[in-house]
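Student: Sharing a structure below in structure tokens format, with a few things to ask.
Derivation of every value follows stated rules applied to the coordinates shown; laboratory data play no part. Keep in mind it's a predicted model, so treat the numbers as computed, not measured. Neighbour counts run over all protein chains shown; Cβ positions are idealised from the backbone, glycine included.
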Amino acid sequence: MSASSSSTPPSFLSRCLTAVTQWIDSDYCPEGAEKMRNEPDKVDWVRVMPFVILHLGCFGILWVGVSAFAAWAAVFLYFIRMFAVTGIYHRYFSHKTYSTSRIGQFILALWGGTTVQRGGLWWAYHHRHHHQHSDDEEDAHSPHVHGFLWSHIGWITSRRNFPTDYSKVKDLAKFPELVWLNRFDLVVPILYAASMFGIGALLERYAPGLGTNGWQMLVWGFFVSTTALFHGTACINSMAHLMGKRRFKTDDDSRNSFILAIITLGEGWHNNHHRYQSCTRNGFYWWEIDPTYYGLKFLSWTGFIWGLKAVPQSILDEGQRAEHAASIAAAQKAAHVHPEYSALKRVLPAAAAIAVATVNTANIQVVEKIHASHHKDVTELAHELQQNQPPAQQAQSQPQSPQNPPVV
């Protein structure tokens, strides 16, 4: 058999071996990371098997059942780790919107690792790349370029998106402990899953009244909670560029969504974020709920983090002007679509003139006549009011001559 005819099977086996090795060592790229990043988009089923297993593990609820404690633990762990995604991976590693110590940074990286969304440097690299190429051909997860499903989940299964480009995160890559956690990004998730099982086993023994056990806590606290966490995070890649309101005119199609802000603890104010990425808060105004910012503010009071970056006043003013212009445009559109608004605009000044004209009269019949004649113009209504006044008040109410106009 010639070398050319036998080259295909070894290539396939080699790719499978590479994928399996990358389960343990994410930086393992025998063909070179740059070559892998230049490959066309294609799902690597062997490489993404841990991701597939994560989703399949949710069906474990059919065997382990559910308890109130396990279900609420899953909800709690969803939000505490969503904070790690938004407040750590996003607002610290990706944008450095606040500062901490080197030890604090390592603790944050460990916390972020429990989200099972790869290492902090990989996450930051892809997010910075997203901002640089948002909604253009180079954006790995733009729903406008690649479609909804690919932007939501498909892009993370492609071989070209596996390697970390450390040249894009030099500020983080200078810390070997962060590089180690990023390279061996399966270590923290395994420890986290084991801790869920261990906590459940301890509760089964020492708090049997809670009705839970090791396997149940593993399924609910790890598989169910983590899968929901992934899809909650992925909504920003997909839905935050499709649904919501655009306050700022950015070069992409980022949008603000209250619903997504609740699901992701404040990340739903995506258009705000794309307008100004360097501030700690995504909800620029007090009425825009941003739980991640509230949590970071609390951590700043403890001294664990510091230097939270505020939204510049110029950006706030720009947003308020945009809102004002949008309100005027909406009113003009409504007046065009609903002509009855124009009639209302004629009635209101007439009503004001009527109120002034009736200050000196106590005749309740006038009110009924006004109600019956609301469609008449101001001059005719004022004349009728004058006829309903006593003679003495009519004399006082006579219109003044043009030579002596009333002073307003």
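Student: If you rank D185, D136 by fewest surrounding Cβ atoms within 10 Å, what's the result?
Tutor: Ordered from fewest to most neighbouring Cβ atoms within 10 Å, D185, D136 come out as D136, D185.
Student: Here's a follow-up. How would you rank 84-92, 164-172, 317-325, highest first, on the average number of other Cβ atoms within 10 Å across their residues?
Tutor: The peptides rank, most packed first, as 84-92, 164-172, 317-325.
Student: Taking neighbour counts of Cβ atoms within 10 Å as a proxy for exposure, in what order, fewest first, do E288, E137, E177 appear?
Tutor: Final ranking by Cβ density, sparse to dense: E137, E177, E288.
Student: Calculate the radius of gyration of the Cα atoms of the stretch 12-311 to one decimal place, then report Dmax, the largest Cα-Cα distance, as a whole number, both in Å.
Tutor: 19.2, 58
Student: Given the stretch 152-233 reduced to its alpha-carbon atoms as identical point scatterers, what log10 I(q)/I(0) does the Debye formula return at q = 0.17, 0.21, 0.23 Å⁻¹?
Tutor: For the stretch 152-233 at q = 0.17, 0.21, 0.23 Å⁻¹, log10 I(q)/I(0) is -0.86, -1.02, -1.08.
Student: Principal axis lengths of the stretch 27-72 from Cα atoms, whole Å, largest first?
Tutor: Computed over the stretch 27-72, the largest-to-smallest principal extents equal 49, 16, 16 Å.
Student: Sticking with this structure for a sec: By the gyration tensor of its Cα atoms, with a ≥ b ≥ c the square roots of the eigenvalues, what is the shape of the stretch 12-100: rounded for a/c under 1.5, prolate for a/b over b/c, or oblate?
Tutor: Here the stretch 12-100 falls in the oblate category.
Student: In addition: Work through the residues other than T21 whose Cβ is under 14 Å from its Cβ and net out their charges, Lys, Arg +1 and Asp, Glu -1.
Tutor: Residues near T21 contribute -1 overall.
Student: Moving on. Working from the pairwise distances between different alpha carbons, so that the mean of 1/r is found and then inverted, what is the stretch 136-276's Kirkwood radius in Å?
Tutor: Computed over the stretch 136-276, the radius equals 17.9 Å.
Student: Return the whole-Å distance between the Cα centroid of the stretch 114-175 and the Cα centroid of the stretch 225-253.
Tutor: 14 Å
Student: Checking the table K174/K297; K170/K309; K249/K297; K42/K309; K42/K249 against a 31 Å threshold on Cα-Cα, which pairs fail?
Tutor: K42/K309; K42/K249
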